[in-house]
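Data first, discussion second: the structure below is written as structure tokens.
Please treat every number below as a calculation from the coordinates, not as lab data. The model shown is predicted, which means the values in this text are computed figures rather than measured ones. Here the Cβ positions follow ideal geometry from the backbone for every residue, glycine too, while neighbour counts run over all protein chains shown.
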Amino acid sequence: MNLLCPGERLKHLRKISGMSRFYIEKHYGISESTITKWESKDTGNIGVHNLIRYLDIYKKRGFDITIDNLFSDKEFLLNRYKTDERNNFLDTS
């Protein structure tokens, strides 16, 4: 994936996770309009607490995403983890 701004990275993450904005609103209480705003190119006003809460949704779904790699100038790569029968995370990279 080419370099993307943080908002585009959030949108990409949501899409590859298979979640819609509606789904996130219904299950996690973050409004569709807020997600749309965060996925725009203007992500400077998200707030660290909200961003951590939002990224935790994806971590719970097995994505290795941090604030650092979200805002990094490096190529955006996502690692996904598989779970074994004991629900332990195994690194697949």
Problem - Label-point gap, in nm, between Leu4 and Lys37 - each point 7 angstrom along Cα→Cβ - result: 2.1 nm
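Within a Cβ distance under 11 Å of Tyr23, other residues only, what is the Lys/Arg minus Asp/Glu net charge? Let's see the in-between values first.
Details: positive: Arg14, Arg21, Lys26; negative: Glu25, Glu32.
Within the 11 Å Cβ shell, the charges total +1.
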